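Colleague: Sending over a structure as structure tokens; questions will come in a sec.
The values are calculated or read from the model by the stated rules, or taken from the named source; none is laboratory data. None of these values were measured; they are calculated from a predicted model. Virtual Cβ from ideal backbone geometry, glycine too; neighbours counted across all protein chains shown. Just so you know, the surface numbers come from the protein's heavy atoms only, side chains and all, with ligands and any DNA or RNA stripped out. Shrake-Rupley method; radii C 1.70, N 1.55, O 1.52, S 1.80 Å.
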Amino acid sequence: MAERMLKFVGTAQALPEKRPAAERRHDFQEIYALYAREQASEQASRCSQCGVPFCQVHCPLHNNIPDWLKLTAEGRLDEAYELSSATNNFPEICGRICPQDRLCEGNCVIEKGFESVTIGSVEKFITDTAWTQGWVKPVQPRRERPQHVGVVGAGPAGLAAAEQLRRKGYQVTVYDRYDRVGGLLIYGIPNFKLEKEVVQRREKLLRDSGVAFRLNCEVGRDVTLAELRQRHDAVLIATGVYKARDIQAPGVGLPGIIPALDYLTASNRAGLGDKVPEFESGTLDAEGKNVVVIGGGDTAMDCVRTAVRQGAKSVKCLYRRDRANMPGSQREVKHAEEEGVEFVWLTAPQAFLGKDKVSHVRSIRIHLGMPDASGRQTPQEIPNSHVNIEADLVLKALGFDPEDLPATLQEPELGVTGWGTLKIDWRSMMTNLDGVFAAGDIVRGAALVVWAVRDGRDAAERIHAWLTAKAASAAVAAE
Ligand code: FAD
Ligand code: SF4
Ligand code: SF4
């Protein structure tokens, strides 16, 4: 092992080739190339094969990172793929969009002074190679089971659960109100982070595995949850969180002030070749405009970088805390800055000015005061520090809350927490309704794709345990 591994001393960290900002500003293609085989092997060989791998501990899926790095270093890519796909349904997606700096790579313990192993890029390389080599195959259950499971929501949580349940032989139908499979993977996250073909080939694989999809079907409108419970032996709710947090400020209702997800969805739809009237009329298109994005999370980063690519005149990101205290990935901020985005730190909007439509954001400078109960410094306005920032398009990216799910699903008995997320028993992942389980953002609140995959896999296990126990007690009762 020692011969091939532990190369971090002599081999510097190298990410795959990144396209120059001047080029990528003009298109929506992903910004990183794929490693060449030798480069992947070389980078994987930097791993020191820790006895207690903190990278693995801090990966929500507890991926067996050191082992697949070693196999990659040895050129045994088919085995690396087997291992990596055993714990993750979408390794090439997580490899592209996990905030690795906060998860696996951020916890890599390579000696101080050396940079972490590029775990995400190697993970992406392994599975993209598996796709091109034809190693990624539809699920073929060893035995078919008669029980049906209905999954509400075709985002990463619902899809991971669907695949795991098919693997065990259950009959699975996934319902989604959208016309495409993928949830935020398809309509939220922009192409330059995750090309849509990567999601669509997963959809095809699931269809080839026998998962049925009912698209354009909104549960609560086209079918009730009660009907799904009649139709299926178990139901999983994985509907995500979509209620955009709003800003309370004068003028916030002016035309030209748009929720971030409406803007990103329109851009993704246009990229997929759909006719989007608001995009064509210019309402949701940043071309030639002064764009101001309000917020400091991943959604805000996606908005600023989309606006650059649409040909905005200027793009500013307003955030009330500083760079060190923003929730978005630092890697994304760096990409955005390279692409020409201006970050206006420690600044908050106070009012939106304009006659028929927004023309300026009246903003105020912020000072970070004493920490609050959560330990974060409280933003405090600095008196008389107003500035008016020119804006033709303002995008509100302040995060998401759950919709009123008992109302939208027409199931008033469904239990929710004080935050509106679904209340589950974490051991069984079941809601208060018998046979109704829940997973993903609708349980955790807005989180990450990798957590949605983890929850979907866990939910599939719990559904299997519950259905097995139910079948066993029915058999005993029948004796
Ligand atoms: P979703 O992906 O939201 O899927 C839920 C699905 O349920 C949707 O398809 C929806 O149409 C469907 N649905 C909802 N209600 C109904 C109903 N009543 N009937 C039928 N179907 C219904 N995470 C990362 O890890 N990395 C990133 O870079 C990243 N970037 C992001 C960028 C943006 C703009 C946003 C908004 C989020 C981002 N996230 C990122 C977070 C990540 O996308 C989510 O945490 C993840 O998608 C949650 O998965 P989910 O399956 O729970 O829900
Ligand atoms: Fe890292 Fe995400 Fe892959 Fe886990 S799934 S190893 S956190 S990139
Ligand atoms: Fe390898 Fe870093 Fe993980 Fe240790 S923490 S096993 S060096 S990737």
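Colleague: Please report the relative contact order for region 337-399, taking Cα pairs under 8 Å with a sequence separation of at least 6, and give it as a percent rounded to a whole number.
Modeller: 28
Colleague: Relative contact order, percent, of the chain when contacts are C-alpha pairs under 8 Å separated by at least 6 residues?
Modeller: Worked out over the chain, it gives 15 percent.
Colleague: Dipole size in debye (nearest 20) for the chain around its Cα centre, Lys and Arg Cβ +1, Asp and Glu Cβ -1?
Modeller: For this selection, approximately 200 debye.
Colleague: A further question on this structure: Calculate what fraction, in whole %, of the accessible area of the chain sits on carbon and sulfur atoms when a 1.4 Å probe is rolled over the protein chains.
Modeller: 50
Colleague: While we're looking at this one, here's another question. Calculate the FRET efficiency for Asp401 and Val9 from the Cβ-Cβ distance with a Förster distance of 51 Å, rounded to the nearest 0.05.
Modeller: About 0.60, to the nearest 0.05.
Colleague: Right, another one. Rounded to the nearest 500, what is the chain's calculated 222 nm mean residue ellipticity when only DSSP H runs of at least 4 contribute -39500 (n - 2.57) each, over all residues?
Modeller: On the way: 18 runs with 169 residues, N = 479.
After summing the helix terms and dividing by the residues of the chain, the value is -10000 deg cm²/dmol.
Colleague: Could you please put Cys47, Cys108 in sequence from largest to smallest accessible area, using a 1.4 Å probe? Each step should come with its number before you reach the end.
Modeller: On the way: Cys47 15, Cys108 35 Å².
Order by accessible area, largest first: Cys108, Cys47.
Colleague: Give me the extension gain from Glu278 to Ser385: residue separation times 0.36 nm, minus the current Cα-Cα distance, reported in nm with one decimal.
Modeller: Using 0.36 nm per residue and subtracting the Cα-Cα distance, I get 34.9 nm.
Colleague: Another question about this same structure. Would you work out the relative contact order for region 60-120, in percent, from Cα pairs under 8 angstrom that are 6 or more residues apart?
Modeller: Across region 60-120, relative contact order equals 28 percent.
Colleague: So if I take the alpha carbon set of region 255-396, get Rg, then get Rh from the Kirkwood formula, what is the Rg over Rh ratio? Write down the numbers at each step before the final one.
Modeller: On the way: Rg = 15.5 Å, Rh = 15.6 Å.
A ratio of 0.99.
Colleague: How long, wide and thick is region 21-133, going by the Cα atoms along their three principal axes, in whole angstroms, largest first?
Modeller: 45, 34, 26
Colleague: Using amide H atoms built in the peptide plane, which far-off residues or other-chain residues are under 5 Å from Val151 H to H?
Modeller: Those qualifying (amide H under 5 Å, at least 5 residues apart or on another chain) are Thr173, Val174, Tyr175, Leu236.
Colleague: For Lys275, give me every one of the lysines with a C-alpha distance below 27 angstrom, ignoring sequence neighbours fewer than eight places off in its own chain.
Modeller: Leaving aside lysines fewer than 8 places away in the same chain, those within reach of Lys275 are Lys193, Lys196, Lys204, Lys243, Lys289, Lys313, Lys357, Lys396.
Colleague: Between Asp246 and Leu368, what FRET efficiency comes out of the Förster formula 1/(1 + (r/R0)^6) with R0 = 25 Å and r the beta carbon distance, rounded to 0.05?
Modeller: Values: r = 24 Å, r/R0 = 0.94.
Given R0 = 25 Å and the Cβ-Cβ separation, E is 0.60.
Colleague: How would you order 180-192, 374-386 from highest to lowest mean count of nearby Cβ atoms within 10 Å?
Modeller: In decreasing order of mean packing, 180-192, 374-386 become 180-192, 374-386.
Colleague: Here's a follow-up. Residue by residue, what Karplus-based ³J(HN,Hα) values in Hz, rounded to whole numbers, does region 178-193 have, using 6.51, -1.76 and 1.60 with θ = phi - 60° and x for Gly and Pro?
Modeller: In residue order, the calculated couplings are 7, 8, 10, 8, x, x, 5, 5, 9, 10, x, 6, x, 4, 6, 9 Hz.
Colleague: When ranked by the protection proxy of mean other Cβ atoms within 10 Å per residue, highest first, what sequence do the peptides 388-397, 34-43, 266-275 form? All intermediate terms of the calculation are to be shown ahead of the outcome.
Modeller: Numbers: 388-397: 22.9, 34-43: 18.5, 266-275: 16.8.
Answer by packing, highest mean first, reads 388-397, 34-43, 266-275.
Colleague: At a Cα cut-off below 17 Å, give the lysines reachable from Lys70, other chains included and same-chain residues fewer than 8 away excluded.
Modeller: Within reach: Lys7, Lys124.
Colleague: Now for a different question. May I ask you to derive the FRET efficiency for Gln410 and Arg231 from their Cβ-Cβ distance with R0 = 25 Å, giving the value to the nearest 0.05?
Modeller: It comes to 0.95.
Colleague: Moving to a separate point now. What are the ³J(HN,Hα) couplings of region 252-269, residue after residue, when phi is run through the Karplus curve with 6.51, -1.76, 1.60 and θ = phi - 60°? Round to Hz, x for glycine and proline.
Modeller: Per residue, the Karplus-derived 3J(HN,Hα) values read 5, x, 5, x, x, 10, 10, x, 4, 5, 4, 5, 5, 5, 4, 5, 5, 4 Hz.
Colleague: Going highest first, how would you order 134-144, 216-226 by mean Cβ packing within 10 Å?
Modeller: Details: 134-144: 11.7, 216-226: 16.0.
My ranking of the peptides, most packed first, is 216-226, 134-144.
Colleague: Rounded to the nearest whole Å³, what is the per residue volume of the convex hull around the Cα atoms of the chain?
Modeller: It is 171 Å³ per residue.
Colleague: While we're looking at this one, here's another question. State in Å² the accessible area per residue of region 65-210; use a 1.4 Å probe, count heavy atoms of protein chains only, and round to the nearest integer.
Modeller: 36
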